[in-house]
1. With θ taken as phi - 60° and the coefficients 6.51, -1.76 and 1.60, list the Karplus ³J(HN,Hα) couplings across the stretch 187-195 in order, rounded to whole Hz; mark glycine and proline as x.
2. So if I average 1/r over every pair of distinct C-alpha atoms in the stretch 129-255 and take the inverse, what Kirkwood radius in Å does that give?
3. Measure off 7 Å from each Cα along the Cα-to-Cβ vector at Glu288 and Glu374, then give the distance between these two points in nanometres to one decimal.
4. Quick one: which residues, 5+ away or cross-chain, put their amide H under 5 Å from the amide H of Arg137? H built at 1.01 Å from N.
5. May I ask you to compute the full-extension gain from Tyr421 to Ser449, defined as 0.36 nm times their residue separation minus their alpha-carbon distance, rounded to one decimal in nm?
6. Once a ≥ b ≥ c are taken as the square roots of the eigenvalues of the Cα gyration tensor of the stretch 396-465, is the result rounded (a/c under 1.5), prolate (a/b larger than b/c) or oblate (a/b not larger than b/c)?
7. Evaluate E = 1/(1 + (r/R0)^6) for Glu397 and Asp348, where r is the Cβ-Cβ distance and R0 equals 22 Å; express this FRET efficiency to the nearest 0.05.
8. Count the net charge of all other residues whose Cβ sits under 14 Å from the Cβ of Lys419, scoring Lys and Arg as +1 and Asp and Glu as -1.
Amino acid sequence: MAFAVTSSSNAVSGSSFSRSSASSDIKVPQIGSFRLADRHATVNLSHKRSAMKPVNAEPKRNDPMVPLAATIVAPEVSPKVEVEDYEQLAKELDNASPLEIIDKALEKFGNDIAIAFSGAEDVALIEYAKLTGRPFRVFSLDTGRLNPETYRFFDEVEKHYGIRIEYMFPDAVEVQALVRSKGLFSFYEDGHQECCRVRKVRPLRRALKGLRAWITGQRKDQSPGTRSEVPVVQVDPVFEGMDGGIGSLVKWNPVSNVDGKDIWNFLRAMNVPVNSLHTQGYVSIGCEPCTRPVLPGQHEREGRWWWEDAKAKECGLHKGNLKQDSAAQLNGNGNGASHSNGTGTQSDIFNSKSLVTLSRTGIENLARLESRKEPWLVVLYAPWCPFCQAMEESYVELAEKLAGSGVKVAKFRADGEQKEYAQKELQLGSFPTILFFPKYSSKPIKYASEKRDVDSLMAFINALR
């Protein structure tokens, strides 16, 4: 994502978020202020910013650059402001239109709020902001791994709206250390969270420290497991704003109640430019190595981090969507591969007479066999994992269908002390992992699809046995 500025006077683009105002008085960036002992008194230090032509901007000012030392002004005593009840505000705006919600957000926070733009259908947020007639800012995170089409789309959006997107970049030293130690594509092996943390989460954290609020394109229908309860406005549960501390940043989600198809109807009706990747089957768009087109009928998030579980796909920008109990169960790649106490006391699952329960010795012996009397299908699972629980019924039904067919169906609990072995020897990346051990080959074949219904699993088996 990156920041763009539209303003009724001067505007600033870049990785530092500075304030602008329609007033002719000099206003100061947050970075140039320090606080006195009286918490309501602030001494501001400012320097003139470079100007860009924003939407709805006034004519460019020609006053000269002001030296930093010449901008010391008398302390201003801020009036005491009542704390807003954002839960109540969310209820009041729950049936409001996206245009009304964005107008309220821009009115309330002025130049201290910005739209987070990913280069996908969230361009609708920029169109709504333009329609309010108020000045607005846009930022985006340039991870260095985006598709060429996305970069061209950024340029098209800037020209279409007459704005400059404020781009945020990852720390070069951190990226260098990650790539040198783990390679360019480590996320395929140990999950996407570490890479996202370096390339997206930390740059976002820096960006938000210069704001009091931000606007996102989250929708409830985007991710069943993590976004189904996203409110239209909330106190950000993860990130901090310019004032620092919990509760210092407000997060607006004006399209949270809007269906994806209605977003697209709006974009077409308003003749808004869109990323050309959408015409190639891409719906949810992120970094190039972690995004692919989806097939008709697939959920849009299945095109992101497809080697991981479909219902827990968050890069960390919206980590607050994960419920506390679920978050405790998610490992670094967001796929439920660890539990807070290792194995926990959760009741076992996949209980059926048609299923073989493998011990560590049993799975080791099975993996060592050069040839087997019959093929085996084995699920690597953790009983506390919600995705394992979700597929329990279909897997048990499959085992009962295959009873006496010449295919053994088994389970191996791979969390706790067994996790390291399963990751190293059994291709465990996330729970559940399903392996097919062919009759005449020692190497198991990993089931790559996220579809775990009986028919899909049966098709996988029939293709290999």
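1. For the stretch 187-195, the Karplus-derived couplings read 5, 5, 9, 10, x, 8, 5, 5, 5 Hz, x marking Gly and Pro.
2. On the way: mean 1/r = 0.0600 Å⁻¹.
Final number for the Kirkwood radius of the stretch 129-255 is 16.7 Å.
3. 4.9
4. Thr6, Ile115
5. Numbers: separation 28, 0.36 × 28 = 10.08 nm, distance 2.28 nm.
That pair, Tyr421 and Ser449, stretches by 7.8 nm at full extension.
6. Working: a/c = 1.75, a/b = 1.54, b/c = 1.14.
Note, shape of the stretch 396-465 comes out prolate.
7. Numbers: r = 18 Å, r/R0 = 0.80.
Taking R0 as 22 Å, the efficiency between Glu397 and Asp348 is 0.80.
8. -2
The values are calculated or read from the model by the stated rules, or taken from the named source; none is laboratory data. All values reported here derive from a predicted model rather than from experimental measurement. Here the Cβ is made from the backbone with ideal geometry for all residues, glycine too, and neighbour counts use every protein chain on show. Ligands, DNA and RNA are stripped out before the accessible areas are found, and what is left, the full protein with its side chains, is counted by its heavy atoms. Shrake-Rupley method; radii C 1.70, N 1.55, O 1.52, S 1.80 Å.
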